[in-house]
Every structure is written in C-alpha cells, then in structure tokens.
Amino acid sequence: MTGLALFNLFILVFMVVAAVISLRVKDLLTASVVFGIYSFLMCLLWAEMGAVDVAFTEAAVGAGVSAVFLVATVFNVKRSSSD
Amino acid sequence: MFGEEGLLNELLVERFNYCVYVVLLLIGLYAMIAKNNLIKKLIGMSIFQTAIILFYVSIGVKEGATIPIYLAEHDPHGHHAEHIVHLDEANTIDVSEENATPLRLSHEQDHGHHAPRSLTDEETLGYANPLPHVLMLTAIVVGVATLGVALALTQRIYRAYGTIEEDAVLAAIQAEDAATVIPDVLATKPKAKKG
Amino acid sequence: MSENSIALIFAFPLFGAVFCALFGRKSPNLCHPISVASLAGALGAGIETLRRVIASEANEVSYFFGGWNADAYPRGVGIEFRADYLGTLIMLVVVGVAFLVAWYSKLPVAEETPEKEGYFYSLFLLQVTGLAGISLTGDAFNLYVLIEVAALTGYGLIAMGSARAAAATFKYVILGTIGASFYLLGVGYLYMKTGTLNMVGIEQFITDNESLADSAAMQVAFVFVCLGVLMKMAFFPFHAWLPSAYFHAPTTTSCLLAPLVTKVMIYVMIRMLLTVFGVEFSFKNTHDDEGNIWTEVLPWLVVLAILCAATMALAQRDVKKMLTYLIVAEVGYMVGGVWVYNYYGLIGSIFHIISDACMTLCLFLGVGIILRKRKTTHFDGLRGLFRKMPFTMTGFFIGGFSIIGLPPTCGFFSKWYLITGGMLAERWEYIVALMFSTMVMVVLFFRLIERIHLAVTESGENIGHGHGDLALPKSETFFDEAPLSMLIPLLLSAGVVLVIGVFNQDVVNLLQDFLEPFNLPKGTGR
Amino acid sequence: MKKVALAVTLFIGALLLYAAKDFSVWGHLQSPASASPVSKHFIADTGVDTEVPNMVTAVLADYRGFDTMFETVVIFIAGIAIIAILRRTGADADSPAIQRESDVVAEPDLIVTNTVRLLIPVIQLFAFYVLAHGHVSPGGGFQGGVIMGASFILVALAWDLPKALDRLSVDRAIMLAGVGILIYAGIGLFSMLLGGEFLDYAELSHVLPVSREMARYHAMLGVEIGVAFTVTTVMFAIYANLSTRGRLEGGL
C-alpha cells in the first residue's frame, strides 16, 4: 500500500468516526465542532483526490461558515440534546 | 468479471472510497430520519450531502492525473507560448514537432498574440476530470444554503415552542390544536332567531 | 429578440426578483407592480416560445446558454434549454398561474406578511424562475439546481407565515432534501455510466449501448431518480409534509405552490422516463417475463395513495385542509396515468397536470378570499357565503366541478383520458380507485354547497327559520363581494378551466404530436 | 421511528452496494465519465476557448455559467429566506418557555480584539487574492466571497454584532447581494443584447478591445466579482440573523 493510499485510508476511517461522534454526543456545541472536524477531514480527502477547488470551498464553507452557523444557532437554542 | 471471493476484496480494497461514501450516506440518512433533535437532524443532513459530494468527486478521479489546472507547458498564457512557432496568422501549429524540439524560439514571437492550442487525447489523460468538481461546487453551495434556512427554521420553532426536540414540538402543536376554538364568524346568534 | 425568448422567460422574473429585494425596504408599494409586470413579460416570452415551437420543423427549439452550440461543440459542454411541446405547455402553465397569483396577491401579502413584501415578492418571483426553468431545462444537473431554487424559495415562502408554518416547513426541508439528494445521486450514477449530463446525450448513449440496460448502476440510478422525484411530489408515503405546510402557509404562497410544485415534479418524472432513460429502459427493461417491477408495483401504490388521500380528505372539516389532501390524491392520479404505461394514460396524465394546475389555482384563490372575509376556512365559517359573494363562489365551484370531473370543464377530459388509458391497459384497480375518489369529491363538494347555501351547522343541525325552511336569516345574506383585485384573477382562472375544457382537442393534439415518436402501446399493455 | 429509519437505511444501503459492483475501477482512465467527449473537450479546449488555465473556473463561470448564476441565486434566496423567517413583526413574541439568560454583556477581550485587528486586513487581502487569482489557481468568486464574509463575521465574534452592523447593515447587505446578481445576470443580458445567447461572453468583444477568447476571460472575472458580492454579504447577513435569533442586537 502506498503512502498516499494509507493517508487516504486514515482520513476515511477518521471521517466515519467523526461523523458518528458528532451524531452521538449529547452536547450540541461539541457536535457542531466535531462536525467542523468532519468537514475539514473531508476537505483534506478531496484535496488529496485532486479536487482542489472543491476542497477549498469545503474548507471555507463546511469547516468554516457552516460550523459557525451551527454554533450560532446552538447558542440561541438549548445546548443539550436528548439523543 | 470477478470471482466469488474477489467481490469482497474488490469492494474493500479497490473501492474503499465508494464503501465509505455508502457508510457516510447511510449514517446521515439514518440521523435525518431517526434523530429527535432538530439540530442533530441537520448535522445528519450535512453529512448526507457531503457523502454524495464525495461520490461525485470519486467519479472525477483519474489514476495518475494532476489537478485540473493547466501545467506550465499547456498554460494558454504560460511559457509554452515561447516554443510555438507561428507559421502564419492562422495559427497552424505542428503538434508532432513540438515535443521533439521543445525550445524552438521564434524571434517574431509576440506575447500578445500567442496561440493556445487544443490538447491531444494523450495529454488530456494527465488531468483530472473537471466537470464533477464544478458540479460539486454548486452542490456545496446548495448544501450551505439549505443548512442556513433550516437553522433559521429551527430558531423560529424554538422561539415559538421553547424546544427543539421533535416530539416535544409535536406535542406542543397538538396541544395548540386542541385549544383552538373555531370562531363563529357570524355575529348573529342563529338559535335566537328561531322563535 | 425572438430567438432569445427562452432566455427572457427567466430574465424577466429574475431581474424582477432582484429589484423587489432592492426596493422592497424603501418602497414596498413598488413590489406588486414589478412582479405583475415581470410575469407579464415572462408570459409574453413564453407564448412567443410556444409559437416558435409550433413553427419549428422538429417541434422543438433548443437554446444554448453561453453560446456553446451543439453544432460547434460537443453536445453537453454548455447548458441547453430544450422547449418541446411538453415542456413549453408546462412552462406556460407555470408562468400563467404565477401571473394570476401575482395579480391576486396585492391585498393578502400586505395583510399577512407586513414589512416583508420585498422579500416575499423576491422569493415569489424566484420560485417562478425555478419552476419555469425545471420545465424547460435539458440538462440533468441544471435540473437539480433549479429544483433546489424552487425548494429553497418554497421553504422561505411557507415559513414566512406562522410558527406552525415553520414547524411544518422543517419536515418539508428534511423530506425535500432527501428527495433532491436522491435525485442528485441518481444523476451521479447516470453520469458515471454515460459521461454526460445533457438529457439528449444521455438518451443517445443509452440507446447506443444496449448493454447498459442490464447494468446495476443504471438500474439504481433509475430507482434513485424516481424515488427522489416521488418524494418531491409528495407521493403517498412521502406526503406527510404537504397538508400542514400548505394549510399554514400564507394565502398567496399556497395559491402559488399548491397548483405548481407537485405538478412540475410529475412533469420531471415524465421527462426523465420518456426522454432521459427512454421508454425502452423505463418500461420494458425486463429480466424475466414477469414484467417490470415498477409497472407492476407502482399502480398498486397509486391505488393505495388515492384511496388513503381521498379518505383523509373526507375526514377534514376545513376547506383548505381538505383541498391539500385532494392535491395528494390528484398526484396519485397523474403518477398512475404514467405508470399504467399506455398512450392514452400518458396523454391523460400530462393533460391532467395542466388542468389540475388550473383548477387547483381556482380553488385556492377562492379559499383565499373566504379566508380573508371570514378569518377561517372551517366548514362552520362558510354559511351563507353564496348570497354574499356570488361571483367568488361561482368561480370556486367551477374549480370544484372540474376536480370532480363534470363535462364542460377541463377536469372531465383529463380524467376521461386517464380512465381510457387505465381500461386499455386493463388496470382495473386504478379505475376503481379513480371512481372512488371521484365519488369522494362529489360528496365533499356537495357537502360544501349545502353548507354554503343552507342554514345548517357542521353537525347538520337546522338553524334556519323553521323545520322546513332552511333559508338563512336576512342578516346573514347581504351582498359583500370580494375586492376586484382578488376577484378578477379568480374569475379568469375559472374561465381558463372552462376554455381549456372547451378547446381540449387542441391541447391533446399538441400532446399527441409530442408522444407519437415514443411508440407507446395504444391498446392493451399487459 | 428508529425502526423505520433503520429499515429505510438498510434498504438504501443494499441498493447502493448492489450498484457498487458495477462501478468502474477506481481512477480508471477510460471510464465513461472520464473518456466522454464532454470532459475531454473541457480538458483539451478550455485554453483555446477561454484562455483560462484553471479548467474548473472556466467550466464553472463560462461553460456552465447558467448553473453558477443559479448557484448565486440560491445563496441570495437563502439570505432573503432567513431574514424573512426570523424577522419579527409586531405580534410574534418569544415563547414564555424560553428563559434565555440575559444577554451576556461582556467587554470585548483586549487580546482577542487586537489579534483580530491584525488579522482582518490579511484575511481581506487574501480574499481579494483568491477572487482575482481564481483563473490561475484554485479559488474564485465563491471562495473569495466566503472568506470576505468570514472577516465580517470575525468582527462580530470578537467585538459584538452592532460593531459589525455599523460597517455593513443587514439591509445594505441584502442590497449588495442583489447588486451581485445584477452584475452576473447583467453581464449575461448585455451579451445577449450584443447579439449572442444569454451569458455568451464572447459577444462582449464588440465593446471590449480584446479577442473573443479574452472577452470570455475578462467577463468571467466580472461574474466572479458578482458572485463574491452576493456571497460575502449573504454570509454575513445569515450569521447576523442566526446569532441573534433575528433581533440583530447583542453578541453571540
């Protein structure tokens, strides 16, 4: 397995883990931040796959602005979730 | 096309990306349907959408290809302009000779009038497919727009019902419905007319 | 300018929307004229397009945005808009309905969403842009973008009302996003197998490569596209969002969305089946002799959908809510008309899209007036309305008669074709469901007529002068007609229902020209 | 609900895995998507048609410019819809169930504000760079716009929202967003009036002193600027509304 493929594998596994954590954790603020991490990993993956423009956008939008929107909303509603 | 035992191997090794995209998509879909908290649903929605984007980007991948930006030698404004000889104003370019003698500098080369040329089939293999990337830029934008609107709805719901748990919202709505009285819009009391 | 008529259909409402957003804060009174004017312009461009389509040899006109012509460049490099009879008719319905609603909307918008007129009209016009675009686009991905334009404006338009509307919209957002994403996924699979997004290109590729019919990815693409579109059109198991969203939405919103959104999505399904996957792939792609799982299963789902929706409609005690369930039932009609897989069924289905849009418009415009006058649409609030608003009620009942399917109206003819299609394909269960729901509609509308004319309460108690006399007391019967800006669009839409009914043959001729090349079975289908 | 969700998820998963066996091999050069004439044309001829080295930018802003126009419109819609949903009109007060802690009126932190003061010019400069350099490197109007919008959001985060609103009020933001779309659609309409199709930038060579290809090149920069206008302002407007539940006062 080449280094790049290993890197790929590493990110893919972490991405699934991040997705599951952000959906399982009961604190919504944590969930939002972990979602930001998920987006950032996704952006790394896309950059690795040659989609630089998509990765750039995802870094700015997914990991940046989306996460900020989520945090802004969580601050304005209840922070804890029932599931 | 593949043997009995080859399938698993093929799925897990050669198409690991495809598998992970399926897993992420299912995680997102499940969260959208099953989660009770509205924000959790929305996080699920975003995961669901990014999974689809991952799928599209995977379509665009080419083995050994570079990113879809012209390398210097193909760049319409790059230094390739210097090693193309202008035979005449019609920009006829001898492509086959270009590789053989890459540095035939032309003295009457005018930098304002260089000629970008069409890439050969061979050369196109060296670049990743740009179309899925473009499509997914649009999809990301649509995703963030949907997320923003949905978050605004969440806040609106919270403002009115004081909760963002779906079952609590439903209960509040039912209570509201039960309390609603249909107003008798007609001012006159019909019963009184009877006698 | 004539050759750019297709672009003008979008340019008018798009620029109108931007101007509404720009001037809406400072001078809200400008928004209504801007919307009406821009939609009138779009309507003109639409009619011009229809004229060009009829005049053209191939019965279709292509328009390549950005000048990426199919002659000079490979097809699918740019984005193509293709106007054939099907798309053009649907586009005309969209723009026409929107024009009438915009005309009608002056008072309700100012009253229901004060201080937000600019935003409202901006979203309104963009919704029209999206829906008109869906009906003309020839690019599978562009269709997705336009679906999202229509969906997002829809969320905004509905949720602008009460908090209840917001709660209903949230459900719509979740289901709508799943639906649109499934569609996107299906297009992704299509792209992976065919390498193009242009609808003509995809169809060409599928016809040229017969092995694709057996490809798992293509079948899954088909499933996802259909699933996504069925979700967006609120087909029966996915209908949960529709009734409460449309019920709680502001009047103008429900007048615009109810006639158009579901119908345009049915159009998308027909478009995908006929001209993207192709008849061969969609209907005849069989691996065994049992027949296609879709043509076997979907008509039964349709039956279930119609029966459930009709029963739910029967249980309602509120006109507006009842109408929203009728929409769900009508969706069942049209999907059924497609999937019985028969020439006449498809004509009926497409014709029903057109006529259903007109009659639903008529009914919702009427309900909007009732709501404005009586502050409620509950059955109890309807008493004596006919005496007060004879014109409004006449218009409303023309829509009602059309939805039942009484002869001079367009609803009769479309239902006639649907039933013919069902009979020739020998789908008796579909016909029974159609008959059942027709009966339900008869019951519903005659119950309404009773409520509106006679002095009975919801429970049927006589509150008139005496036992034999059900006339309303004088104090409840003075003339109090709706304002003209609301009445005229209603009467116009009622007129359209009648005109399309009278000239049904002309519409059907256009549709026949469109459907002839597809070699659909004209006799028995099984 | 959980059981339904699980059933649906498993069904969809089975479908997707069923399709996976039919996928072309990872990164295969001759897969239909990679070998189709359309994507070949994009790779081979973008330079000839538009002289833009970044194919993604060229496809985004020119070949599929109509999509991108509606992508911008989607952002615009999101901005308008969010304001329309959250703006308060007379009667709708907060539910009594909300007991939001009184707005934290914290003094802006000295270290944070000073760092942000240093950062913002750099961020905005970078945003301009990303916008202007999108033809040659990854980036373009959308990314540049988001970064620009982020700089405004940063002001709101470090100080409080009114300070950011002093610089760009929400009404003005929506106006500028409309201007962005006007720029985009206006370039399209103008090229139509010059005799081409809608968005056929090549026609602009009639009024610009450049060749048809370079007209496309420059018009693309124009539409990217339009996109950036819309995205910058709408991102900020969305944040301003979401962070305060539509009241537009106080901080997070």
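Overview of results
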read-out: For the range A:10-76: rounded, prolate or oblate by the Cα gyration tensor [a/c cutoff 1.5]; value: oblate
read-out: Whole-number percent relative contact order across chain C, with pairs defined as alpha carbons under 8 Å at least 6 apart; value: 14 percent
read-out: Number of partner chain Cβ atoms within 10 Å, mean per residue of C:211-218; value: 3
read-out: Efficiency of FRET from Cβ geometry, C:I47 and C:F391, R₀ 22 Å, rounded to 0.05; value: 0.20
read-out: For D:225-234, mean number of other protein chain Cβ atoms within 10 Å; value: 1
read-out: Order of A:E58, B:E123 - criterion: other Cβ atoms within 10 Å of each residue's Cβ, fewest first; value: B:E123, A:E58
read-out: Share of Cα-Cα pairs in chain C lying beyond 35 Å, as whole percent; value: 32 percent
read-out: Violating pairs (Cα-Cα greater than 18 angstrom) within the set C:K263/C:K284; A:K78/B:K35; C:K321/C:K375; value: C:K263/C:K284
read-out: Global geometry of the range D:127-252, whether rounded, prolate or oblate, following the gyration tensor of its Cα atoms and the 1.5 cut on a/c; value: prolate
read-out: Most to least packed among C:514-522, C:242-250 [average Cβ atoms within 10 Å]; value: C:242-250, C:514-522
read-out: Most fluctuating residue given options A:A19, A:A72, A:A31, as computed from a GNM of chain A linking Cα atoms under 10 Å; value: A:A72
read-out: Degrees between helix D:2-20 axis and first principal axis of chain D (Cα, 0 to 90, nearest 10); value: 20 degrees
read-out: Fewest-first ranking of D:V231, C:V442, C:V496, using other Cβ atoms within 10 Å as the exposure measure; value: C:V442, C:V496, D:V231
read-out: C:N509-C:A37 pseudo-label distance in nm [points 7 Å out on the Cα-to-Cβ vector]; value: 3.7 nm
read-out: Max mean-square fluctuation residue, GNM over chain D, Cα-Cα springs under 10 Å, options D:E71, D:E224, D:E213; value: D:E71
read-out: For chain D: rounded, prolate or oblate by the Cα gyration tensor [a/c cutoff 1.5]; value: oblate
read-out: Radius 12 Å from Cβ of C:V367, net charge of other residues (Lys, Arg +1; Asp, Glu -1); value: +4
read-out: Cα→Cβ-extended label distance, 7 Å offset, between D:Q30 and C:W428, nm; value: 5.5 nm
read-out: Helix-derived mean residue ellipticity, 222 nm - over the protein assembly as shown, DSSP H n ≥ 4, -39500 (n - 2.57), to 500; value: -22000 deg cm²/dmol
read-out: Peptide D:182-190, shielding by other chains (average Cβ, 10 Å cutoff); value: 3
read-out: Residue order, fewest to most surrounding Cβ atoms within 10 angstrom, among C:W428, A:W46, C:W294; value: C:W428, C:W294, A:W46
read-out: Estimated FRET transfer efficiency when R0 is 30 angstrom, pair D:N114-D:V207 (beta carbons, to 0.05); value: 0.05
read-out: Highest-fluctuation residue, D:D171, D:D62, D:D200 considered, GNM on chain D with Cα pairs under 10 Å; value: D:D171
read-out: Most to least packed among C:275-282, D:72-79, C:503-510 [average Cβ atoms within 10 Å]; value: D:72-79, C:275-282, C:503-510
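Coordinate-derived values only; no laboratory data. No experiment lies behind these values; they were computed from the predicted model shown. Positions of Cβ are backbone-derived with ideal geometry, glycine not excepted, and every protein chain shown enters the neighbour counts.
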